[in-house]
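The values are calculated or read from the model by the stated rules, or taken from the named source; none is laboratory data. These numbers were taken from a predicted model, which means no experiment stands behind them. Cβ coordinates were reconstructed from backbone atoms using ideal geometry, including for glycine residues, and neighbour counts include every protein chain displayed. For the accessible areas, the whole protein counts, side chains as well, though only heavy atoms, and no ligand, DNA or RNA atoms are used. Shrake-Rupley method; radii C 1.70, N 1.55, O 1.52, S 1.80 Å.
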Amino acid sequence: MKKVYLDNASTTPLHPEVILEMTKILTEDYGNPSSTHSLGRNAKSILELSRKSIAKQINATAAEIIFTSCGTEANNWIMRSAVKDLKVTRIITSKIEHHAVLHTAIALQNEYAIQVDYVKVKPNGEVDLTHLVELLSEEKKTLVSLMHVNNETGTILDLDRVSQICHEHHALFHSDTVQSIGKTKIDLQHTPVDFIVASAHKFHGPKGVGFAFVRKNAGLQPLFFGGEQEKGQRPGTEAIHQVAGMSKALELSYQNLETESQYIASLKNYAIERLKTDFPGFKINGENTFYNLLNVLLPFEESKISMLLFHLDMKGIAVSRGSACQSGSIRPSHVLAEMLSTEDLKKPSIRISFSHFNTKEDIDLLMEGLKSI
Ligand code: PLP
């Protein structure tokens, strides 16, 4: 049975060149970058070259890139240190953020009694920037945390505009860019966001590694303590093979961005055309969504919701309902809950997310799978 993987917002298959790079390092370059002998120095050099390469892709400086174990860790670190060390007394976020941000904001509210405000979300999935400005008119030391591309619907935040608004109101701006890094150009000299985060497994790199971009002199302090790795900002022996794999994956992503993004966008358009033919009455959740993501409400009966993903899975087709963390549970997605009417929320929505490894045949198989339900 052909496997059809259309769940690339959840994670992506590794790029073959990334596997080669990582295998070489695991086999030959196993030194500890803190060791002074040649194996250690070699590992250190791989680490620093990777940092430079990543920084170059997003027009940052190498010193502004701190490696972490994942996107979740990077989000937690930035938000926690902003409250604990930068004395932020209010976080402004939205209810459509990933739980790595939402649950962190709530934990910080409970621990530090900070204020957490939520920017309104429009029915089309956009964050209401007029409301953001209104919230910011209350003068308080604030961190705004709003994601770039939503992982469930693909709705896009205007990073430049929000950076500008935050700047004007003297608020710090953190953006979870896990879904957009490697998939669209980000120029950190041009976009004055203070903090962004990335996770390698979303752009055909390995799981278990990510990074935080922390703008120069931001003043963050570490979450935990140990050695001098990452200038003491994130102690722990560096996972060289992971970091180098991430760097390779990002380099390839940006090298092929134009052709791959156009190809993926054409797959998305094809899927929309097929849906129009096969399931008139379907609706796209969100407006002007990112080119690799399609969240659709299907005109199926409520009774079919629970079996939908199971049936597709039996046919070797992987898609997702809402975010991956919730697949398998029948709770409605917290993101769709902010956007859809109560009636529409009861209907089945699926998230189809593409990569350049997909083909039109994958979409045909998905449609056949859906028709057979
Ligand atoms: N933020 C967003 C928007 C995501 O989509 C994800 C992954 O699902 C994360 C954060 C968490 O990243 P990681 O899996 O690296 O912890």
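FRET efficiency for the THR11 to GLN109 pair, using the beta carbon distance and R₀ = 30 Å, is estimated at 0.50.
Inter-part distance, region 92-115 to region 237-266, computed on C-alpha centroids, equals 30 Å.
Scaled to the compact-protein estimate 2.2 N^0.38 Å, what is the alpha-carbon radius of gyration of region 135-187, rounded to two decimal places? Dividing the Cα radius of gyration by 2.2 N^0.38 Å gives 1.21.
Distance between the modelled labels on GLU287 and SER45, one decimal in nanometres: 5.5 nm (7 Å Cα→Cβ projection). Placing TYR254, TYR118, TYR30 in order of accessible area, with the largest value first and a 1.4 Å probe, yields TYR30, TYR118, TYR254.
Once the 1.4 Å probe is applied to the protein heavy atoms, the chain comes out at 44 Å² accessible per residue. Values of log10 I(q)/I(0) for region 1-48 across q = 0.13, 0.16, 0.21, 0.33 Å⁻¹ run -0.48, -0.60, -0.75, -1.10, by the Debye formula with one identical scatterer at each alpha carbon and no solvent. Length gained on full extension, ARG161 to VAL133, computed as 0.36 nm times the residue gap minus the Cα-Cα distance: 9.0 nm. Rounded to the nearest 500, the 222 nm mean residue ellipticity of the chain from helices alone is -12500 deg cm²/dmol, with -39,500 (n - 2.57) taken per DSSP H run of at least 4 residues.
From zero outward in steps of 5 Å, how is the percent of C-alpha pairs of region 76-203 spread across the bins? Going from the shortest bin to the longest, the percentages are 2, 11, 23, 24, 22, 12, 4, 1.
Extension gain, LYS2 to THR27, is 5.7 nm, computed as 0.36 nm per intervening residue step minus the present C-alpha separation. All Cα-Cα distances of region 228-274, cut into 5 Å bins from zero to the largest, leave 5, 18, 12, 14, 12, 11, 9, 9, 6, 4, 1 percent in each bin in turn.
With a 1.4 Å probe and every protein chain kept in, tell me what percent of the accessible surface of the chain is carbon plus sulfur. The nonpolar share, carbon plus sulfur, comes to 53 percent. With the simple spin-label model, which puts each label point 7 Å out from Cα in the Cβ direction, the ASP313 to GLU343 separation comes to 3.1 nm.
Taking every DSSP beta bridge that has both residues in the chain, what percent is antiparallel when rounded to the nearest 5? So the antiparallel bridges in the chain amount to around 50 percent. Does region 198-352 come out rounded, prolate or oblate by the C-alpha gyration tensor, with a ≥ b ≥ c the root eigenvalues, rounded set by a/c under 1.5 and, if not, prolate when a/b is larger than b/c and oblate if not? Prolate is the answer for region 198-352, as a/c is 1.5 or above and a/b outweighs b/c.
Charging the Cβ of each Asp and Glu at -1 and of each Lys and Arg at +1, and nothing else, the dipole of the chain about its Cα centre rounds to 400 debye. Measuring max minus min along each principal axis, the C-alpha atoms of region 11-74 give extents of 32, 29, 22 Å (largest first). Once you sort the root eigenvalues of the Cα gyration tensor of region 185-225 as a ≥ b ≥ c, which label holds: rounded (a/c under 1.5), prolate (a/b larger than b/c) or oblate (the other case)? Oblate. Here the scattering of the chain is modelled by Debye summation over its C-alpha atoms, one equal scatterer each and no solvent; at q = 0.07, 0.10, 0.15 Å⁻¹ the log10 of I(q)/I(0) is -0.32, -0.65, -1.33. When the Gaussian network model of the chain links Cα atoms closer than 10 Å, the mean-square fluctuations of THR23, THR12, THR89 top out at THR23. Tell me, how many Å apart are the Cα centres for region 127-196 and for region 8-32? Between the Cα centre of region 127-196 and that of region 8-32, the gap is 31 Å. Comparing GLU287, GLU230, GLU134 in a Gaussian network model of the chain, where Cα atoms under 10 Å apart are tied by springs, the biggest mean-square fluctuation is seen for GLU134. Placing dummy labels 7 Å off each Cα toward the beta-carbon, the span from GLN255 to THR36 is 3.7 nm.
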